[in-house]
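J.: Can you read through this structure? Questions will come right after.
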């Protein structure tokens with residue numbers, strides 16, 4: 001009898017330490033799978049959905065491109081870089097997991113606009129969307145991602161005005177070159193930034209005299225910009 005009791009106690013402790021079942025909630029898992037199913041198959045067609053399915057857990061099974069927090073067992077990073085994905089990104093679904101810190105979708109064939117729902121990724125620190133075919137205006141909600149450290153939206157077909165990033169006080173990298181942005185430059189903390197580039201757009205107006213360590217290269221290719229850094233006097 002004591003042996004049976006001991007076995008039951010050990011089994012109970014094991015379950016507490018190593019829980020069986022899903023670590024992510026079902027609605028998060030379903031939302032992530034929905035995000036993936038809306039994308040084209042890309043270059044990894046030999047593995048259907050790359051392991052993303054509602055019958056498994058992203059932090060227990062192997063979901064391609066998913067990295068989880070070892071402590072909390074929740075999705076932390078999504079890296080789907082350069083695998084020829086196509087289609088539009090359902091940011092509302094992918095940001096159902098609000099704890100995502102890194103979203104990397106660069107160098108694919110993704111299209112469509114960036115919706116306001118991107119702000120649902122409340123803790124997002126690193127956002128890489130460069131090298132796709134995103135178009136349309138940037139959502140104003142982007143400025144609400146106050147934990148953002150790096151954002152790369154370069155080499156797309158984005159237009160409209162650049163977002164006001166004055167609330168993004170942790171921002172170190174802002175790359176938006178080779179798009180179709182118009183309007184004037186918003187306020188940037190150039191002395192805090194480690195990398196900055198808005199070249200080859202259609203921006204206009206005066207560039208501040210003090211742009212930190214960033215020279216003409218970061219602003220070139222905007223015929224209607226003027227200022228000291230471009231050696232081009234403003235009218």
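The values are calculated or read from the model by the stated rules, or taken from the named source; none is laboratory data. Predicted model only: the values in this text are computed from it and were never measured. Counting neighbours? That spans all protein chains shown, and the Cβs are built from the backbone with ideal geometry, glycine included.
J.: Among 164, 195, 209, 187, which is the only one that is more than 22 Å from residue 125 (Cα to Cα) and surrounded by fewer than 16 Cβ atoms within 10 Å (Cβ to Cβ)?
T.: The conditions single out 209.
J.: I want to confirm something. Restricting to region 212-232 and keeping residues that are surrounded by fewer than 18 Cβ atoms within 10 Å (Cβ to Cβ) and touching a helix residue (DSSP H, G or I) at 6+ places or on another chain (Cβ under 7 Å), which single residue is farthest from residue 152 (Cα to Cα)?
T.: 230
J.: Now for a separate question. Which ranges mark the strands (runs of 3 or more DSSP E) fully within region 138-235 that have 2 or more residues being closer than 24 Å to residue 99 by Cα and either touching a strand residue (DSSP E or B) at 6+ places or on another chain (Cβ under 9 Å) or at pLDDT 95 or above (or both)?
T.: Because the criterion is at least 2 residues that are closer than 24 Å to residue 99 by Cα and either touching a strand residue (DSSP E or B) at 6+ places or on another chain (Cβ under 9 Å) or at pLDDT 95 or above (or both), the strands (runs of 3 or more DSSP E) in region 138-235 that meet it are 150-152, 173-175.
J.: Follow-up. Is it true that some residue in region 32-49 is over 19 Å from residue 132 (Cβ atoms), out of contact with any helix residue (DSSP H, G or I) (no Cβ under 6 Å at 6 or more places or on another chain), modelled with pLDDT of 90 or more and surrounded by 14 or more Cβ atoms within 10 Å (Cβ to Cβ)?
T.: For region 32-49, residues over 19 Å from residue 132 (Cβ atoms), out of contact with any helix residue (DSSP H, G or I) (no Cβ under 6 Å at 6 or more places or on another chain), modelled with pLDDT of 90 or more and surrounded by 14 or more Cβ atoms within 10 Å (Cβ to Cβ): present.
J.: Check 60, 100, 83, 78 and return the single one that is in a strand (DSSP E or B) and either surrounded by 11 or more Cβ atoms within 10 Å (Cβ to Cβ) or at pLDDT 90 or above (or both).
T.: 78
J.: Related question: Quickly run through region 117-156 and pick out the residues that are touching a helix residue (DSSP H, G or I) at 6+ places or on another chain (Cβ under 6 Å) and under 22 Å from residue 180 (Cβ atoms).
T.: Matches in region 117-156: 118, 139, 141.
J.: Which condition from (1) out of contact with any strand residue (DSSP E or B) (no Cβ under 6 Å at 6 or more places or on another chain); (2) surrounded by fewer than 17 Cβ atoms within 10 Å (Cβ to Cβ); (3) at pLDDT 95 or above is the one that residue 105 breaks?
T.: (2)
J.: What's the total number of residues in region 103-117 that are farther than 15 Å from residue 150 by Cβ and outside any loop (DSSP other than H, G, I, E, B)? Quick ask: steps written out before the conclusion?
T.: Taking region 103-117 as the starting set, the residues that turn out to be farther than 15 Å from residue 150 by Cβ are 107-117.
Imposing the further condition that a residue be outside any loop (DSSP other than H, G, I, E, B) reduces the set to 109-112, 116-117.
The number of residues fulfilling the criteria is 6.
J.: If you scan region 114-133, which residues turn out to be more than 16 Å from residue 79 (Cα to Cα) and in contact (Cβ under 8 Å) with a residue 40 or more places away in the chain?
T.: Once the filter is applied, which keeps residues that are more than 16 Å from residue 79 (Cα to Cα) and in contact (Cβ under 8 Å) with a residue 40 or more places away in the chain, region 114-133 yields only 114.
J.: When region 125-155 is examined, which residues are found to be closer than 16 Å to residue 90 by Cα and buried (at least 17 other Cβ atoms within 10 Å of the Cβ)? Don't jump to the end; show me each part of the working.
T.: The initial filter retains those residues of region 125-155 that are closer than 16 Å to residue 90 by Cα, namely 127-129, 132-136, 138-139, 141-142.
127, 128, 129, 132, 134, 138, 139, 142, listed by residue number.
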